[in-house]
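These notes concern the structure reproduced below.
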Amino acid sequence: MNKQQVKGLANRAAGEIKEQVGKITRNRSLEARGHAQEAKGKVQSRYGNVKEDVKQDQREMFADKELASKSRSGKGEW
């Protein structure tokens, strides 16, 4: 889990709390701010997920290239 994913989860949780408190207290401004913070958290989490996916793809691509170079050079494990 990367920093953006953690920040996203924190913003989603804080936003949900603000939104619920705003509903209970009938404070539309607080409710709206909570909703906005929750949306920000969702975007941050998705951004973090994309970053993780890219890292994973890079790791797999590097592993594939290394495997291919070992098999071409005859240094593969047999």
- request: Could you work out how far helix 3-25 tilts from the main Cα principal axis of the chain, as a 0 to 90 degree angle to the nearest 10?
  value: 20 degrees
- prompt: How long are the three semi-axes of the equivalent ellipsoid of the chain, in whole Å, if each is the root of 5 times an eigenvalue of the C-alpha gyration tensor, listed from largest down?
  reply: 48, 8, 5
- prompt: How high is the FRET efficiency between Q58 and K7 when r is their beta carbon distance and R₀ equals 25 Å, given to the nearest 0.05?
  reply: 0.65
message: If I take every Cα pair under 8 Å that is 6 or more residues apart in the chain, average their sequence separation and divide by the length, what percent do I get for the relative contact order?
response: 33 percent
task: Give the angle, between 0 and 90 degrees and rounded to the nearest 10, that separates the Cα long axis of helix 28-73 from the longest principal axis of the Cα atoms of the chain.
output: 0 degrees
- prompt: Hey, which lysines would be in cross-link range of K3, C-alpha to C-alpha under 22 Å, not counting anything within fewer than 8 residues on its own chain?
  reply: K40, K42, K51, K55
- line: Per the rule of 0.36 nm per residue minus the C-alpha distance, extending Q20 to E66 adds in nm 11.4 nm
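Since every read-out is calculated from the coordinates, none of them should be taken as a lab result. This structure is a prediction, so every number in the text was calculated from the model and none was measured. Using ideal geometry, Cβ is built from the backbone for each residue, glycine included, and neighbour counts are taken over all protein chains shown.
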